[in-house]
There are 2 protein chains.
Amino acid sequence: MLYIPNSSPIPFEEAQRLILSVIRPLPVITIPLSKALGYYLAETVRADHDVPMFDRSTVDGYALRAEDVINASASDPVKLKVLEEIPAGYLPQQKITQGTASRIMTGAPIPEGANAVVMVEKTENAMEDSESVLVYQSVKIGDAIAKKGQDVEEGKDVLTQGTLLGPIELGLLATFGIASVAVYAKPKVGILSTGSELLNVDEPIVPGKLRDSNGVMLAGQVSQAGGEPVYFGIAPDKVEELEKKMLEILQQVDILVTSGGVSMGEYDFLGKVFEKINAKVIFWKTLARPGMPVLCGVWQDKPIFALAGNPASSYVNAHLYVLPAIRYMSGSKDPLPKRVTVVCDEAIEGKQMLHTRFLRGLTYVSPTGELRVKISKKQASNVLSSFLESNCLVKVPGGKGFNAGEKAEVYLLGAVEELRQ
Amino acid sequence: MLYIPNSSPIPFEEAQRLILSVIRPLPVITIPLSKALGYYLAETVRADHDVPMFDRSTVDGYALRAEDVINASASDPVKLKVLEEIPAGYLPQQKITQGTASRIMTGAPIPEGANAVVMVEKTENAMEDSESVLVYQSVKIGDAIAKKGQDVEEGKDVLTQGTLLGPIELGLLATFGIASVAVYAKPKVGILSTGSELLNVDEPIVPGKLRDSNGVMLAGQVSQAGGEPVYFGIAPDKVEELEKKMLEILQQVDILVTSGGVSMGEYDFLGKVFEKINAKVIFWKTLARPGMPVLCGVWQDKPIFALAGNPASSYVNAHLYVLPAIRYMSGSKDPLPKRVTVVCDEAIEGKQMLHTRFLRGLTYVSPTGELRVKISKKQASNVLSSFLESNCLVKVPGGKGFNAGEKAEVYLLGAVEELRQ
């Protein structure tokens with residue numbers, strides 16, 4: 001009844017390792033910086049100049065010599081001669097010498113001879129003398145000056161290959177004039193649901209059937225991981241037709257994800273289709289629950305993931321295997337989901353099995369800054385609603401349980417927050 | 001020199017409250033479910049049927065009466081007569097009675113009379129009798145049956161108005177046949193950079209100038225908060241031209257964000273433009289650093305945020321004020337950034353000021369499950385690079401410092417991870 005020889009289930013970490021060993025990053029493309037959010041950088045960018053390129057004022061005020069205003073106070077201001085006004089974007093023309101200052105705007109270059117800037121709020125124009133300023137406060141050398149190279153020094157690597165581009169990274173690329181940026185292409189991910197019990201979302205419900213919820217759920221997970229989902233609907237349930245459909249999809253996408261059709265019975269036939277289309281099987285079944293029956297193969301460098309049809313199985317399988325593949329093909333050097341240590345609120349009963357269980361839970365921040373986890377009530381693999389009150393998967397190794405207060409590892413699926421009462 | 005009367009700086013929480021009091025959610029639109037990821041639901045969706053709608057099998061196997069196989073074992077199997085085969089999506093035709101079973105597929109409805117399912121792996125076809133099955137294991141009542149209503153009960157609210165739609169929410173909407181979904185529109189956010197020192201990203205660098213990094217950075221922040229950024233380049237630095245430009249942009253967008261042009265000097269003129277275009281000032285200056293000088297107004301229900309030009313000021317201002325406005329206008333009922341409690345790795349020196357400081361830091365998970373924060377080295381408001389090694393803003397109230405080991409509050413900007421050595 002199994003189409004795959006030597007099909008002992010393997011540990012999920014081994015499954016992850018196997019997937020990453022057979023795929024590779026997609027080709028490098030060059031795109032406008034304004035479109036680059038969420039892409040992985042394909043080049044290392046080195047600073048070709050200091051940032052800032054010059055000592056600049058961080059306030060509106062007067063550039064001066066700190067030693068000239070060492071005794072300045074509100075009751076005893078120091079009067080300085082104003083040489084010029086330096087707007088941001090313009091170069092100073094005059095050198096500051098003893099007893100002089102120049103009006104300077106935020107971001108403008110510090111004139112030669114000045115070693116500090118006093119904020120305009122601490123000064124006043126000398127009424128009787130428009131070419132002078134009264135300074136009401138002393139300043140220290142370096143005050144309100146952003147030094148050349150303070151942010152980034154010339155010659156340093158600003159961002160290295162493989163960096164995920166977020167708002168800060170885009171800002172730094174802009175600073176260095178990278179208007180077009182070399183990134184890895186993002187994978188198109190075909191999504192196909194299988195199962196004779198499935199209805200399309202817009203079909204009326206009838207006894208014995210249910211609507212396809214995996215399609216749009218998997219598409220959402222793919223999008224969040226940076227892939228471009230393409231939904232191909234509900235698959236035909238004849239081997240020949242499914243074979244044709246899958247080959248047709250594989251021409252158009254970089255990754256194919258199916259859900260359903262991988263359980264043990266004879267109505268499940270994904271393995272047969274793999275054989276027919278000449279997809280090389282990478283693994284079949286893992287020591288993980290939910291989602292133990294998962295079939296992964298590769299067709300002309302394109303990974304195919306045939307996930308179990310129950311929604312929780314599909315979700316967990318996608319998190320463990322599909323999303324890392326998307327990130328790796330997108331250029332990430334660190335594509336596996338991250339685990340963090342948390343403290344168990346309650347005991348988690350151990351079960352006599354080799355399988356690692358992934359329990360839905362809510363990780364929250366306690367008032368003392370501790371990460372703690374509550375296990376969600378419904379864990380059945382056909383239940384989707386319990387994910388609404390969950391934000392993590394708690395990893396429970398085979399045979400192991402946890403006492404209340406013991407440390408466990410979780411995969412975070414969303415933000416952690418403090419619990420509200 | 002200030003264009004705004006009564007311009008005492010206000011606490012940042014008060015600024016946030018004021019913004020949310022003058023804006024409202026955008027109109028409700030109906031979009032295909034497949035496009036709804038990241039939108040906020042504009043209706044409450046109630047379950048119009050149980051999920052599952054019927055008791056269904058969670059495995060491939062045989063539906064039977066648990067009492068019939070109570071003594072079944074590998075050495076002493078129980079033989080049952082097979083009545084029919086029930087594929088997923090089909091309705092059973094026969095009732096299970098004593099000594100009978102029906103072959104059943106994952107997801108198929110449980111036939112009348114059966115109270116458990118035994119996995120196919122624990123059975124064997126009786127060789128000499130193709131209409132019988134040998135069961136090698138006892139089962140308990142309810143085994144491998146997903147009960148009607150186990151996931152969602154008919155009549156319950158599945159998702160309430162204001163819910164952010166993620167993959168799980170999309171899956172649940174699909175289950176209930178919501179092929180088109182009512183959501184709040186997302187705001188278009190115009191982004192305009194001001195400053196005579198600015199160059200476009202594709203211009204060569206020249207002394208005294210710098211390239212506009214805020215534009216693409218703010219666009220990235222806007223995208224991540226679900227807004228649709230539209231970059232309008234670098235603004236003219238004459239009041240009349242800027243006035244015309246801003247009015248032109250305001251016709252096209254729901255929110256306008258400028259950066260630069262709000263410091264204290266006379267080259268800064270956003271306040272004057274606000275007056276000229278008849279924008280109502282909501283607040284001017286906050287007791288927060290970086291980003292103290294921020295001017296917020298409203299023009300025909302559209303908020304305008306004039307942020308300070310230094311990149312860290314712009315970033316923090318956007319996080320505190322602009323992103324909550326985007327989320328609120330997108331339909332979020334909980335738009336303010338979340339704070340969590342963490343433990344300080346090192347002391348944070350207090351400063352004699354009323355201003356709340358937002359220090360860049362790295363919040364990480366310790367091996368004992370504690371959230372701890374390290375303060376980043378460079379905190380100057382013109383420095384952008386230090387955000388690369390940060391994932392949070394540590395809130396340091398005016399006048400307050402922290403000892404090592406003391407608890408502080410942070411705004412998380414990204415995922416928390418364990419530190420690698």
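Size of region B:339-418 from its Cα atoms: along the principal axes, largest to smallest, the extents are 35, 27, 19 Å. Charge dipole of the protein assembly as shown (Cα centre as origin; +1 on each Lys and Arg Cβ, -1 on each Asp and Glu Cβ, all else neutral): 640 debye, rounded to the nearest 20. In order along region A:352-362, phi translates into HN-Hα couplings of 6, 7, 7, 6, 6, 9, 10, 8, 5, x, 10 Hz, rounded to whole numbers, per the Karplus curve 6.51 cos²θ - 1.76 cosθ + 1.60 with θ = phi - 60° and x for Gly and Pro.
Under a 5 Å amide H cut-off, with hydrogens placed 1.01 Å from N, B:Glu417 pairs with B:Val365 among residues at least 5 apart or on other chains. Distances between copies of B:Met127, taken at a point 7 Å out from Cα along the Cα→Cβ vector and listed shortest first: 11.7 nm. Taking all protein chains as shown and a probe of 1.4 angstrom, A:Ile141 keeps an accessible surface of around 130 Å². Using a probe of 1.4 Å, the accessible surface attributed to A:Met292 totals some 40 Å² when neighbouring protein chains are kept in position. Computed from label points 7 Å out along Cα-Cβ, the spacing between B:Leu388 and B:Lys238 is 4.0 nm.
If both residues of a DSSP beta bridge must be in region A:243-384, then about 65% of such bridges are antiparallel. In summary, the lysines within cross-link reach of A:Lys272, defined as a Cα separation below 22 angstrom excluding same-chain residues under 8 places away, comprise A:Lys238, A:Lys244, A:Lys245, A:Lys280, A:Lys285, A:Lys302. With a Förster radius of 45 Å, plug the Cβ-Cβ distance of A:Asp157 and B:Gln161 into 1/(1 + (r/R0)^6) and report the FRET value to the nearest 0.05. Rounded to the nearest 0.05, the efficiency is 0.40. Think of each Lys and Arg Cβ as +1 and each Asp and Glu Cβ as -1; about the Cα centre, that makes the dipole of chain B roughly 1760 debye. With the charge dipole of the protein assembly as shown set up from +1 on Lys and Arg Cβ and -1 on Asp and Glu Cβ about the Cα centre, the Cα lying farthest toward the positive end among the listed residues B:Pro303, B:Ile19, B:Gly195 is that of B:Ile19.
As a calculated quantity, the FRET efficiency between A:Ser73 and A:Ser132 at R0 = 22 Å, using C-beta atoms, amounts to about 0.80.
In the elastic network of chain B, a GNM with C-alpha springs shorter than 10 Å, the most mobile of B:Ile96, B:Ile249, B:Ile70 is B:Ile70. GNM on chain B, alpha-carbon springs under 10 angstrom: the most fluctuating residue among B:Asn200, B:Asn310, B:Asn391 is B:Asn200.
Extension gain, A:Glu203 to A:Glu121: 0.36 nm times the residue separation minus the Cα-Cα distance gives 22.7 nm.
By DSSP, the beta bridges lying fully in the protein assembly as shown are antiparallel in about 70 percent of cases. Who wins for biggest fluctuation among B:Leu354, B:Leu270, B:Leu134 in a Gaussian network model of chain B, springs between alpha carbons below 10 Å? Comparing B:Leu354, B:Leu270, B:Leu134 in a Gaussian network model of chain B, the most mobile one is B:Leu134. I'm a student and want to see the number: the projected area of the Cα convex hull of region B:182-296, averaged over all directions, in nm². Approximately 8.7 nm², given one-decimal rounding.
The distance from the alpha carbon centre of region B:54-99 to that of region B:214-242 is 65 Å, rounded to a whole number. 3J(HN,Hα) couplings calculated from phi for region B:389-399 with the Karplus curve 6.51 cos²θ - 1.76 cosθ + 1.60 (θ = phi - 60°) are, in sequence order, 9, 10, 9, 7, 10, 8, 8, 10, x, x, x Hz; Gly and Pro show x. Here region A:73-143 carries DSSP beta bridges of which approximately 65% are antiparallel, counting only pairs with both residues inside.
Convert 10 °C to kelvin, take the viscosity as 1.306 mPa s, use the Kirkwood radius over C-alpha pairs of chain A as Rh, and evaluate the Stokes-Einstein diffusion coefficient in µm²/s, rounded to a whole number. For these conditions, the coefficient is 61 µm²/s. Ellipticity at 222 nm from helices only: DSSP H runs of n ≥ 4 in chain B, each -39500 (n - 2.57), divided by the residue count, give -4500 deg cm²/dmol. Split the accessible area of the protein assembly as shown by element, probe 1.4 Å, and carbon with sulfur accounts for 49%. Computed from backbone phi, the HN-Hα couplings of region A:292-309 come to 4, x, 9, 10, 10, x, 9, 10, 6, 6, 9, x, 10, 10, 9, 8, 4, x Hz, rounded to whole numbers (Karplus: 6.51 cos²θ - 1.76 cosθ + 1.60, θ = phi - 60°; Gly and Pro given as x).
In the complete set of protein chains, residue-level accessible area for A:Thr44 is approximately 70 Å², probe 1.4 angstrom.
Counting charges near B:Arg211 (Lys, Arg +1; Asp, Glu -1) among other residues having Cβ under 11 Å from its Cβ returns a value of -3.
When both region B:355-388 and region A:355-380 are represented by their alpha-carbon centers, they are found 26 Å apart. Computed on the Cα atoms alone, the convex hull of region B:30-175 gives a volume of 124 cubic angstrom per residue. Ordering B:Ser57, B:Val396, A:Phe358 by the projection of their Cα atoms onto the charge dipole of the protein assembly as shown, which places +1 on the Cβ of Lys and Arg and -1 on the Cβ of Asp and Glu, puts B:Val396 at the extreme positive end. The eigenvalues of the Cα gyration tensor, multiplied by 5 and square-rooted, give the protein assembly as shown an equivalent ellipsoid with semi-axes of 61, 25, 24 Å from largest to smallest. Taking all protein chains into account, the per residue accessible area for chain B stands at 41 Å² (1.4 Å probe).
Rounded to the nearest 20, the size of the Cβ-charge dipole of region A:264-421 about its Cα centre is 260 debye, with Lys and Arg at +1 and Asp and Glu at -1. Put a dot 7 Å past the Cα of A:Leu354, heading toward its Cβ, do the same for B:Leu18, and the two dots end up 6.6 nm apart. The B:Val28 and A:Ile31 beta-carbon pair, evaluated with R₀ = 35 Å, returns a calculated FRET efficiency of approximately 0.55. Taking the label point 7 Å along Cα→Cβ, B:Asp76 and its counterparts in the other copies are spaced 10.9 nm apart, in ascending order.
For B:Arg357, the residues whose amide H sits under 5 Å from its own are B:Arg289, B:Val396, B:Gly398, ignoring neighbours fewer than 5 places away on the same chain, with H placed 1.01 Å from N.
Summing charges over all other residues whose Cβ lies under 10 Å from the Cβ of B:Val201, with Lys and Arg as +1 and Asp and Glu as -1, gives -2. Count Lys and Arg as plus one, Asp and Glu as minus one, and take only other residues whose Cβ is under 11 Å from that of B:Pro303; the net charge is then +1.
The values are calculated or read from the model by the stated rules, or taken from the named source; none is laboratory data. Remember, predicted model here, so these are calculated numbers, not experimental data. Every residue, glycine among them, receives a Cβ derived from its backbone with ideal geometry; neighbour counts consider all protein chains shown. Note: areas computed on protein heavy atoms with side chains; ligands, DNA, RNA excluded. Shrake-Rupley method; radii C 1.70, N 1.55, O 1.52, S 1.80 Å.
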